[in-house]
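Visitor: Would you mind keeping the following structure in view while I ask a few things?
The values are calculated or read from the model by the stated rules, or taken from the named source; none is laboratory data. Just so it is clear, the model here is predicted, and its values are computed rather than measured. For neighbour counting, all protein chains shown are included, and Cβ atoms are generated from backbone atoms with ideal geometry for every residue, glycine included. For accessibility, only protein heavy atoms count, side chains too; no ligands or nucleic acids. Shrake-Rupley method; radii C 1.70, N 1.55, O 1.52, S 1.80 Å.
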Amino acid sequence: MESQQRAAMFARARELSTRQQSWPQADRLWGEVVDAYRSAVRGPGPVDRRDQQQLARALWRRGMLSSARGRPAEGLALGREAVDLFARVNEAVTAEDRNATGPRRDEALAELITAMVDAGEAAFAAGEPTARLDLLQQAVATGLRSAGPPPGAGPKTREAMGTAYHNQATALLHRAITGASGDDDAREAALAASRASELRQGLADPARPLSVWELANTYAVYAQCLAVIHDLVRARMVLTIGEGLAGNLGPAGAPILAKLRVAARMIAVEEASGRGGAATEGRGRRWGWRR
């Protein structure tokens with residue numbers, strides 16, 4: 001199959017994936033796309049990096065669709081394979097380009113981080129919360145190791161790291177509420193949410209409503225984290241800002257407002273108990289790895 005034919009199949013599968021009613025057709029077509037790119041990278045001679053990258057993207061997208069269609073274990077397996085391929089592409093690009101914030105490095109690293117994050121969510125859907133946290137930690141560590149502190153990274157990497165920290169905060173908050181190591185996890189969740197908030201504040205643009213939605217969504221998680229660690233002054237402040245942002249999003253803001261109402265109830269419970277106090281999220285550990 002020629003390169004243009006593979007590209008056309010990829011574009012068609014991606015387009016079909018945007019409409020839930022066409023997911024079955026997209027599912028079948030992604031299988032064909034993956035097979036086509038597998039054949040291309042197995043061909044004689046050196047591997048074409050574009051084909052390798054497209055195979056990683058096809059595996060990643062097919063994995064997300066598998067999870068969305070109720071097959072999270074399959075989605076996780078495809079996601080892990082995509083991560084391995086994205087890692088190879090990132091290593092090759094890094095070896096060729098010294099500029100960590102250049103467009104090629106930025107794209108390759110952002111795709112690797114995003115694939116790790118999405119594989120983590122597939123793991124959680126498949127009933128593997130520990131694997132989810134491991135993949136999210138790998139995503140954060142990969143970004144820090146490859147690009148340094150996220151505020152100085154390229155724009156796509158900053159966006160991907162914002163999502164990684166947001167999902168890490170969500171996962172740790174869930175474990176803090178349901179698990180045995182609540183206090184430690186809650187502090188780590190608040191720290192991750194703080195980092196996600198800082199990154200998404202810098203990326204928020206009214207001309208890009210999704211960026212505002214993402215920031216408001218992180219504030220909803222951050223407010224809950226702050227309530228759990230009894231930092232109620234900041235929790236109230238974050239709650240107010242989040243409500244203002246989500247309220248301006250129209251119907252798209254409804255799910256976030258629901259999360260913010262949960263945060264408000266959590267704050268009210270903590271206030272009634274008299275346990276509100278100073279922040280405990282570890283101010284001295286800005287962008288380092290979690291210990």
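Visitor: Just to be sure I understand, how many residues within the stretch 134-146 are touching a Gly at 6+ places or on another chain (Cβ under 8 Å) and crowded, with 21+ Cβ neighbours inside 10 Å?
Guide: 3
Visitor: Please determine, by comparing only the residues of the stretch 77-103 that are in a helix (DSSP H, G or I) and over 21 Å from the mean Cα position of the chain (by Cα), which one is surrounded by the most Cβ atoms within 10 Å (Cβ to Cβ).
Guide: Filtering the stretch 77-103 for residues that are in a helix (DSSP H, G or I) and over 21 Å from the mean Cα position of the chain (by Cα), the one surrounded by the most Cβ atoms within 10 Å (Cβ to Cβ) comes out as VAL93.
Visitor: Please determine, by comparing only the residues of the stretch 104-131 that are over 17 Å from MET161 (Cβ atoms) and of a type outside the set (Gly, Ala, Ser), which one is surrounded by the fewest Cβ atoms within 10 Å (Cβ to Cβ).
Guide: Among those that are over 17 Å from MET161 (Cβ atoms) and of a type outside the set (Gly, Ala, Ser), it is THR130.
Visitor: Here's something else I'd like to know. Tell me whether the stretch 201-208 contains one or more residues that are open to solvent by 60 Å² or more (accessible area, probe 1.4 Å) and among the hydrophobic types (A, V, I, L, M, F, W, C).
Guide: yes
Visitor: Picking from ARG285, ARG275, ARG265, which residue would you name as being at pLDDT 55 or above, outside any helix (DSSP H, G or I) and under 18 Å from ALA186 (Cβ atoms)?
Guide: It is ARG275.
Visitor: Based on what the data block shows, is VAL41 closer than 13 Å to LEU59 by Cα and in contact with a helix residue (DSSP H, G or I) (Cβ under 6 Å, 6 or more places away or on another chain)?
Guide: When the stated conditions are applied, VAL41 does not pass them.
Visitor: Here is a further query. Yes or no: ALA258 open to solvent by less than 50 Å² (accessible area, probe 1.4 Å), assigned to a helix (DSSP H, G or I), closer than 21 Å to GLY162 by Cα and at pLDDT 95 or above?
Guide: No; evaluated as a whole, the condition is false for this residue.
Visitor: Could you count how many residues in the stretch 12-58 are exposed (fewer than 13 other Cβ atoms within 10 Å of the Cβ) and of a type in the set (S, T, N, Q)?
Guide: The qualifying residues number 3.
Visitor: Hey, another quick one. Pairs please, first residue from the stretch 1-23 and under 18 Å from VAL41 (Cβ atoms), second anywhere and part of a helix (DSSP H, G or I) and of a type in the set (A, V, I, L, M, F, W, C), Cβ atoms under 6 Å, 6+ apart in sequence or on different chains.
Guide: MET1/ALA36; ARG6/ALA36; MET9/VAL33; PHE10/VAL33; ALA13/ALA26; ALA13/LEU29; ALA13/TRP30; ALA13/VAL33
Visitor: So, restricting to helices (runs of 4 or more DSSP H) that lie completely within the stretch 163-255, which ones have at least 3 residues that are closer than 29 Å to ALA131 by Cβ and either modelled with pLDDT of 95 or more or touching a strand residue (DSSP E or B) at 6+ places or on another chain (Cβ under 8 Å) (or both)?
Guide: Per the criteria, 182-203, 209-228.
Visitor: Run down PRO155, PRO149 and say which single residue is in contact with a Phe, Trp or Tyr (Cβ under 6 Å, 6 or more places away or on another chain), under 24 Å from LEU109 (Cα atoms) and open to solvent by 10 Å² or more (accessible area, probe 1.4 Å).
Guide: Just a single option satisfies the conditions, and that option is PRO149.
Visitor: Cβ-Cβ distance below 6 Å, separation of 6 or more or different chains: which pairs start in the stretch 120-145 with a residue that is under 14 Å from THR170 (Cα atoms) and end on one that is open to solvent by 40 Å² or more (accessible area, probe 1.4 Å) and of a type in the set (Phe, Trp, Tyr)?
Guide: ARG132/PHE124
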